[in-house]
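Working notes, beginning with the structure itself.
The values are calculated or read from the model by the stated rules, or taken from the named source; none is laboratory data. In this text, all values refer to a predicted model and were calculated from it rather than measured experimentally. We place every Cβ from the backbone using ideal geometry, glycine too, and count neighbours over all the protein chains shown.
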Amino acid sequence: TTYPAAEVGKIARSVGALFLLDTVSSIAGIDVRTDEWGVDLNMTGSQKCLAAPLGMALVAVSPRAWEVMEHRSKPARSWAYDLLRWKEWWIPMSRGGQVPDGAPRRQPVSMPTHLTAAMSVAVRLILEEGLAHRFRRHDVAATALRRGLAAMGVEMFPDPSILSNTVSCLKVPKGIEPAAVVAQMRDRYGILIGTGLDKMRTTTLRIGTMGVTASPPYVLPTLSALELALRDLGYKCEPGAGVAAAQAAFADLT
């Protein structure tokens, strides 16, 4: 789901609190306005909508957050997680750091060269596609997926007004275990989705439309495999209805 981050940012500023925003499943898939929303620490990962390999943690830090760190009463608990090290050793003064522009810079930790190179390529591909087109592609893919699920008689969770364009959560039909659907799709049809999390693990499934998977070559086979798996487990629905509805959505919206 998504939530009103801009409004949350205003509340945080009104009480003098830092605003930390988790955008692991959002960055490069939906429009996230870090500065405009007053986000102090925007934290994401490399492997989802950015479509780079797993293994990098990315953080955007506001001037207000830097100031709080510089005046903290206790030091950071670990060297690797001390963001001030990056400001002191790596970030040039022109970008708010402490390293004179043009002077040698040092990374406070050993960086994974292969992941850094892969992230560079991923960002280049995103910019080549264009953010507006990329956001639209994720919107269309999520809409097509939801229309396909509706045609199969499968309900979404939660309120449609806050559904995300990058991860869709659906209610599993009564009498069917989510884990059984995941196993059937994986083992028989070669497609992997996930169960819900925590208390929702036994009642919901999650399907991602992120990065390259926000496209017909991924959405349509996923709907087909989901329908077949549900039918294998006793669910009744019109054969092919989900894929047909999603195909129509892609045709109408692109």
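Annotations
- Test: residue in the stretch 80-99 that is assigned by TED's automatic domain parsing to the domain that holds Gly208 and farther than 21 Å from Val243 by Cα: no
- Within the stretch 204-231, being among the β-branched types (Val, Ile, Thr) and touching a Pro at 6+ places or on another chain (Cβ under 7 Å) holds for one residue alone: Thr204.
- For the stretch 155-177, the criterion of being of a type in the set (Val, Ile, Thr), touching a Gly at 6+ places or on another chain (Cβ under 8 Å) and assigned to a helix (DSSP H, G or I) is met by none of the residues.
- Complete set of residues in the stretch 213-249 that are in contact (Cβ under 8 Å) with a residue 60 or more places away in the chain, surrounded by 19 or more Cβ atoms within 10 Å (Cβ to Cβ) and either farther than 26 Å from Glu177 by Cα or in contact with a Lys or Arg (Cβ under 8 Å, 6 or more places away or on another chain) (or both): Ala214, Ala245, Ala246, Ala249
- Cβ-Cβ under 7 Å pairs, at least 6 apart or on other chains, the stretch 176-197 side surrounded by 13 or more Cβ atoms within 10 Å (Cβ to Cβ), far side assigned to a loop (DSSP other than H, G, I, E, B) and of a type in the set (D, E, K, R): Pro178/Arg201; Thr195/Arg201
- Exactly one residue out of Ala244, Ala180, Ala249 is over 19 Å from Val140 (Cβ atoms) and assigned to a helix (DSSP H, G or I): that is Ala180.
- In the stretch 56-82, residue nearest to Val123 (Cα to Cα) [restricted to those that are in contact with an Asp or Glu (Cβ under 7 Å, 6 or more places away or on another chain) and of a type outside the set (A, V, I, L, M)]: Ser62
- For the stretch 42-51, the set of residues classified as under 22 Å from Tyr81 (Cβ atoms) and either within 10 Å of the chain's Cα centre (by Cα) or buried (at least 19 other Cβ atoms within 10 Å of the Cβ) (or both) consists of Asn42, Thr44, Gly45, Ser46, Gln47, Lys48, Leu50, listed by residue number.
- Only one of the numbered conditions (1) surrounded by 15 or more Cβ atoms within 10 Å (Cβ to Cβ); (2) without any contact (Cβ under 8 Å) to a residue 40 or more places away in the chain; (3) small (Gly, Ala, Ser) is not met by Ala141, and that is (2).
- Residues in the stretch 154-170 that are hydroxyl-bearing (Ser, Thr, Tyr) and more than 17 Å from Ser224 (Cα to Cα) were compared, and the one that is nearest to the chain's Cα centre (by Cα) is Thr166.
- Search result, residues across the stretch 1-23 that are of a type in the set (Val, Ile, Thr), within 20 Å of Cys169 (Cα to Cα) and either surrounded by fewer than 19 Cβ atoms within 10 Å (Cβ to Cβ) or without any contact (Cβ under 8 Å) to a residue 12 or more places away in the chain (or both): Thr1, Thr2
- Close Cβ contacts (under 9 Å, 6 or more residues apart or on different chains) running from residues in the stretch 144-161 that are on the phi > 0 side of the Ramachandran plot and surrounded by fewer than 21 Cβ atoms within 10 Å (Cβ to Cβ) to residues that are part of a loop (DSSP other than H, G, I, E, B) and not polar (S, T, N, Q) comprise Gly153/Pro173; Gly153/Tyr235; Gly153/Lys236; Gly153/Cys237; Gly153/Glu238.
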